[in-house]
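Report on the following structure.
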Number of protein chains: 2
Amino acid sequence: MPAKRHPDHAPLELERFLPYQLSIVSNTVSQAIADDYQARHDLSVTEWRVMAVLARFDGLSAREVAERTAMDKVAVSRALARLVAAGRVRRHIHANDKRRSVLGLTATGWRIHDEVAPMARQRERELLARLAPEEQAWLQQILDKLMPQDVVKS
Amino acid sequence: MPAKRHPDHAPLELERFLPYQLSIVSNTVSQAIADDYQARHDLSVTEWRVMAVLARFDGLSAREVAERTAMDKVAVSRALARLVAAGRVRRHIHANDKRRSVLGLTATGWRIHDEVAPMARQRERELLARLAPEEQAWLQQILDKLMPQDVVKS
DNA sequence: TGCAAATGGTTTCAGTTGAAACCATGATGG
DNA sequence: CCATCATGGTTTCAACTGAAACCATTTGCA
């Protein structure tokens, strides 16, 4: 049952509307990956992002983690609380500034990271496999252009 | 302060990780548009999507709306409750099946739709303006390929 | 110095979310 | 027929979320 059109009202074709398409694709992809490690390690997306950034940049403060993950500081604070409680992240206080924390993965944290990271990369490869190499290159270039500048910095 | 790398652990470079990039771009874009009509019309993203699909397909049931918006039925149910209460959507019961509802925009609903839709399209144009025409075409083709098939049907 | 503003981080509060349970109606098959 | 299963839709519950308020510490500057 195809239903009536209302040409005079120029309704939006959702499935051709870029922001909508982006949101569907993005959510599907992220959820598929998250399902995997969520079940296996009781790890939320935000927690995983925090771990991923601490794996690359040891000794960051919570604020710096928030910057690098494009998450707000409340979310980071909560993710860190859970990660520290689970023994996956170590936190101590900065020597010269008692407000800052100095964060890093524990041995346990590294073990989990080393299991999740290859799996995430594998999922990314599967996703990209649906595109021709040419398309993969374009996608990369396009996303770089669309990325909001305040996330990129340094 | 650039921070140590840990090459032996092959940490994920979040900012080059496709699912992450997609999620940042998608959220930024959707939020920018939503901010606009949220403030002006007290309309959430889910509500707007429901209205957009009802503008194109009059008389759908809630389940069909859920299918076409790729939202789950709980979200649709709640969005509809708000929209009906606000007099933006009319709902009556299907003649031959008392479980189904038959949905459509009211005059008020149309008025809002006709204000929001052009604005959303304008924002989309602004976004696309950051890309070369060639890139726009590639993006469209790529998103079509990445779109999960169960969303596309019919 | 010392006091106001800024900064790092946590907590509170109220709103949103999805999974599962639920209710009503409709279809199916013995 | 009528028991059972499927379907459309809503409600409940617990977890998650972000904005604003908050606390502690540091910085800036009169």
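The values are calculated or read from the model by the stated rules, or taken from the named source; none is laboratory data. Quick caveat, the model's predicted, so the values are computed rather than measured. Because the Cβ atoms are built from the backbone with ideal geometry, glycine has one as well, and the counts that use them run over all protein chains shown. Just so you know, the surface numbers come from the protein's heavy atoms only, side chains and all, with ligands and any DNA or RNA stripped out. Shrake-Rupley method; radii C 1.70, N 1.55, O 1.52, S 1.80 Å.
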- [ ] Determine the total buried accessible area between chain A and chain B, counting protein heavy atoms only with a 1.4 Å probe; round to the nearest 100 Å².
- [x] 6500 Å²
Task: Acute angle (nearest 10 degrees) that the helix B:18-41 long axis makes with the longest principal axis of chain B, alpha-carbon atoms - done: 40 degrees
Open item on the list: Please compute the length gained on full extension between residue B:40 and residue B:85, using 0.36 nm multiplied by the number of residues separating them and subtracting their Cα-Cα distance.
Closed with: 14.4 nm
- [ ] Could you size up the charge dipole of the protein assembly as shown around its Cα centre, putting +1 on the beta carbon of Lys and Arg and -1 on that of Asp and Glu, and report it in debye to the nearest 20?
- [x] 960 debye
Open item on the list: If each DSSP helix of 4+ residues adds -39,500 (n - 2.57) and the sum is divided by the residues in chain B, what number results at 222 nm, nearest 500 deg cm²/dmol?
Closed with: -20500 deg cm²/dmol
Task: With Cα atoms, 0 to 90° folded angle of helix A:73-85 axis to chain A main axis - done: 50 degrees
Open item on the list: Using square roots of five times the C-alpha gyration tensor eigenvalues, list the equivalent-ellipsoid semi-axes of the protein assembly as shown in whole Å, biggest first.
Closed with: 40, 22, 19
Task: 0 to 90° range, to nearest 10: angle between helix B:45-56 axis and chain B longest Cα axis - done: 60 degrees
Task: Pairwise label distance in nanometres, residue A:114 with residue B:77, each label 7 Å out on the Cα-Cβ vector - done: 4.7 nm
Task: Over chain B, equivalent-ellipsoid semi-axes from the Cα gyration tensor in Å - done: 36, 19, 16
- [ ] For region A:93-154, go through all pairs of different Cα atoms, get the mean of 1/r, take its inverse, and jot down that Kirkwood value in Å.
- [x] 15.4 Å
Open item on the list: Within 10 Å of each Cβ in A:26-34, how many Cβ atoms from other chains are there, averaged over the peptide?
Closed with: 5
Open item on the list: If you roll a 1.4 angstrom probe over the protein chains with everything in place, what fraction of the accessible area of the protein assembly as shown belongs to carbon and sulfur, to the nearest %?
Closed with: 53 percent
Task: Accessible area expressed per residue, the protein assembly as shown, with surrounding protein chains retained (probe 1.4 Å, Å²) - done: 53 Å²
Task: Residues losing 40 Å² or more accessible surface upon assembly, region B:106-139, compared with the chain by itself, 1.4 Å - done: B:110, B:121, B:124, B:127, B:130, B:131, B:135, B:138, B:139
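Quick one: compute the contact order of region B:10-154, relative version, from alpha carbon pairs under 8 angstrom and 6+ residues apart, as a percent.
Contact order relative to length: 19 percent.
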